[in-house]
Protein chains: 2
Amino acid sequence: MSKTLSKLGEFGLIAQIRERFPAPDGVTGIGDDCAILPPAYSKDTLVSTDMLVEGTHFLLKDIAPYDLGWKSAAVNLSDIAAMGGKPTGTFLSLALPARLDATWMEEFLHGYGDLCKQFDTPLLGGDTTASPDRICINVTVLGECPTRFAKKRSDAKIGDLICVTGSLGDSAGGLKAILKGVKRDADVQKLIDRHYRPTPRVAEGLELRLNLGVHAMMDISDGLGSDLQHILDASDVGAEIDLVALPLSLALKHVCQSQGWDPLQLAVSGGEDYELLFTCTPQAEAMICVPHFVIGRITKRSPVQPGMTLTGPGIVWRGASPSFADSIGKSGGFDHFKKK
Amino acid sequence: MSKTLSKLGEFGLIAQIRERFPAPDGVTGIGDDCAILPPAYSKDTLVSTDMLVEGTHFLLKDIAPYDLGWKSAAVNLSDIAAMGGKPTGTFLSLALPARLDATWMEEFLHGYGDLCKQFDTPLLGGDTTASPDRICINVTVLGECPTRFAKKRSDAKIGDLICVTGSLGDSAGGLKAILKGVKRDADVQKLIDRHYRPTPRVAEGLELRLNLGVHAMMDISDGLGSDLQHILDASDVGAEIDLVALPLSLALKHVCQSQGWDPLQLAVSGGEDYELLFTCTPQAEAMICVPHFVIGRITKRSPVQPGMTLTGPGIVWRGASPSFADSIGKSGGFDHFKKK
């Protein structure tokens, strides 16, 4: 099978998707004007959407279609995880050049499906259309959460501990290795795998949602520095981060050592780790059963003091070297419209 | 104000969108990982999504940004109308070239907002990202409908009348006039307006949903011929359409007469009218208060008989001239991956 999409046809592709992704009982999925989801009593509906554009988010020559499918689903489910929700369905829009190979598409759907299956999340609809050249992917994900229990960015309290659910910087290290063409030993491959096949922390989010002492939560997609800033701005608080407490994987340490990269810089400014970042009371922290690392605490929004390294308003980085402070200060939040 | 998006920045654009589209009370809109919608008791959630790609769905030089914004929202709300639902929120993903003018974006949001305001539908989230060249727009719309009352494509019954809520072919006539550079007199302009600023039949859909004798319903986006076929396939029935009963606007008749175009061909094969197509019992039809036109009836799925004009399985076109039969037979359903 090596025909192009133009031979398969739009209806052929839709039939293929429909067969691969049956709707669960009681839900109307692909095939009508809308999907229909039954009411979930006492549950809020969570909705998030993400767009991935060829040439901006990925290069066709670099990423395997399976991985692209996986990642397209994963980054969206991660947004549901970030609220402590359970994903209930995804919607996949695809703009595809007609010359695209049908086996590429098959592999993409395979990766997308494998990630969704892992979190028991059906594909309930979408749109397929032609693109003159580049692939554009948009995923919308729906989730549910008991009413008023979603963890928002705006609920951080002074005195809260700041925690993350796993190691930081791996994905950015993997991307850097790809871009620089670093030879792929086992450690490098681990980082690249985290970049291409991130795991949305859905189970962890559900567990953390049950803990009432967990206050603010979000997922780390743009990087610790810029994502934490969103919590601080929404909650009107400050933060102190202890750089030596940042969880770094052995693989990242090894690769950084051999390449002469700064792992802290990757951990703070690199995005796409999709770990959960949350704040909680010290008492609540003692009750948390999922893996997590305490990396700092929520403070009043404080003015700069001597010996502190500040980026944006409100984050103090404890233990920063002058070169780190310099690189962190320059990077700031990720802005898609600006060139770095 | 004539700065580019790269000067405005992603966060500047998001701030602009957030200010223009406040979330209604009780709903968390733009600004967290997900939007949060409260439970709607005894109501199903309807979801649909549509992608519009520059070069496939529109040309920047032809369409005004206001109209593009309007249409992006309208075609999505139309899918909610097609189920008899009430739209409750939209999610807008935008991939934009950094060179794009900020005033273009402003106008786009203006058109998008005006259409949504007309149907009291908030913008609750989305994604903004850079595109290397072309604009790509994805809208996801959520709606609600009392549980099990959504009008599906699969509910047409033999003996039902087939109806549409308004004139057909105007949008296709408008598009043809644009592509052929026809001089824009008042009639031509009317058709072009219907092409660029379609009205989703939300109010009509809500009214029709209350009528239990209305069975199958959908909106006409690809064209009567191919959309009716979806109802027939989903319901396993056939149809007879009386071509002289198709509602044609005076504007379309005038323009077709002066240009030598066949209005029936546009009405049957042309898409994007966004009128509702529905089937109902004759008794129910007598009770319908919204404007509508009876254009045929649902039959058993019948084999071809002498004197009948058939396209696809199951549609008999009564009153078709041989040339119409020929053109209709060739056009069939719209397939984005195939060139016409």
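In the set A:330, A:338, only one residue is at pLDDT below 95 and within 14 Å of chain B (Cβ to nearest Cβ); that residue is A:338.
Give the range B:133-152 a look and list any residue that's surrounded by fewer than 24 Cβ atoms within 10 Å (Cβ to Cβ) and within 11 Å of residue B:218 (Cβ to Cβ), or say none. B:152, the sole residue that qualifies. Elements of the type helices (runs of 4 or more DSSP H) sitting completely within the range B:159-264 and holding at least 1 residues that are out of contact with any Lys or Arg (no Cβ under 6 Å at 6 or more places or on another chain), within 14 Å of chain A (Cβ to nearest Cβ) and closer than 23 Å to residue B:324 by Cα: these cover B:224-235.
Looking across the range B:43-74, the residues that are in contact with a Phe, Trp or Tyr (Cβ under 9 Å, 6 or more places away or on another chain) and of a type in the set (S, T, N, Q) come down to B:48, B:49, B:72. Look at (1) hydrophobic (A, V, I, L, M, F, W, C); (2) more than 12 Å from chain A (Cβ to nearest Cβ); (3) in contact with a helix residue (DSSP H, G or I) (Cβ under 7 Å, 6 or more places away or on another chain) and you find that residue B:102 fails only one, number (2). Condition check: surrounded by 17 or more Cβ atoms within 10 Å (Cβ to Cβ) and on the phi < 0 side of the Ramachandran plot. Does residue A:35 satisfy that? For residue A:35, the condition - surrounded by 17 or more Cβ atoms within 10 Å (Cβ to Cβ) and on the phi < 0 side of the Ramachandran plot - is met. Considering the conditions (1) within 20 Å of the chain's Cα centre (by Cα); (2) free of Cβ contacts under 8 Å to residues at least 60 places away in the same chain, residue A:12 is excluded by exactly one of them, (1).
Scanning the range A:129-154 for residues that are more than 7 Å from every other protein chain (Cβ to nearest Cβ) and within 21 Å of residue A:12 (Cβ to Cβ) turns up A:135, A:137. Scanning the range B:80-137 for residues that are over 18 Å from residue B:30 (Cα atoms) and either acidic (Asp, Glu) or without any contact (Cβ under 8 Å) to a residue 12 or more places away in the chain (or both) returns B:101, B:107, B:114, B:118, B:133. Looking across the range B:129-138, the residues that are touching a helix residue (DSSP H, G or I) at 6+ places or on another chain (Cβ under 9 Å) and either modelled with pLDDT under 95 or more than 17 Å from residue A:135 (Cα to Cα) (or both) come down to B:129, B:130.
Scanning for something on the phi < 0 side of the Ramachandran plot and without any contact (Cβ under 8 Å) to a residue 40 or more places away in the chain, does the range B:258-273 turn up at least one residue?
Going residue by residue through the range B:258-273, those that are on the phi < 0 side of the Ramachandran plot are B:258-259, B:261-271, B:273.
When the remaining residues are screened for being without any contact (Cβ under 8 Å) to a residue 40 or more places away in the chain, the result is B:258.
Yes, the range B:258-273 contains at least one residue that is on the phi < 0 side of the Ramachandran plot and without any contact (Cβ under 8 Å) to a residue 40 or more places away in the chain.
Could you say whether any residue in the range B:92-99 is assigned to a helix (DSSP H, G or I), outside the structural domain of residue B:176 (by TED's automatic domain parsing), modelled with pLDDT of 90 or more and in contact with a helix residue (DSSP H, G or I) (Cβ under 9 Å, 6 or more places away or on another chain)? Checking the range B:92-99: not a single residue is assigned to a helix (DSSP H, G or I), outside the structural domain of residue B:176 (by TED's automatic domain parsing), modelled with pLDDT of 90 or more and in contact with a helix residue (DSSP H, G or I) (Cβ under 9 Å, 6 or more places away or on another chain). Restricting the range B:38-72 to residues that are farther than 23 Å from residue B:133 by Cβ and free of Cβ contacts under 8 Å to residues at least 12 places away in the same chain, the residue that is surrounded by the most Cβ atoms within 10 Å (Cβ to Cβ) is B:39.
Just give me the residues in the range A:49-83 being within 9 Å of chain B (Cβ to nearest Cβ) and either in a helix (DSSP H, G or I) or among the charged types (D, E, K, R) (or both), in sequence order. Working first, answer last.
At the first step, the residues of the range A:49-83 found to be within 9 Å of chain B (Cβ to nearest Cβ) are A:49-57, A:78-83.
Passing the criteria: A:50, A:54, A:78, A:79, A:80, A:81.
The values are calculated or read from the model by the stated rules, or taken from the named source; none is laboratory data. Note that the structure is a prediction, hence the values are computed from the model and not measured. Neighbour counts are summed over all protein chains in view; Cβ atoms, including those assigned to glycine, are modelled from backbone coordinates with ideal geometry.
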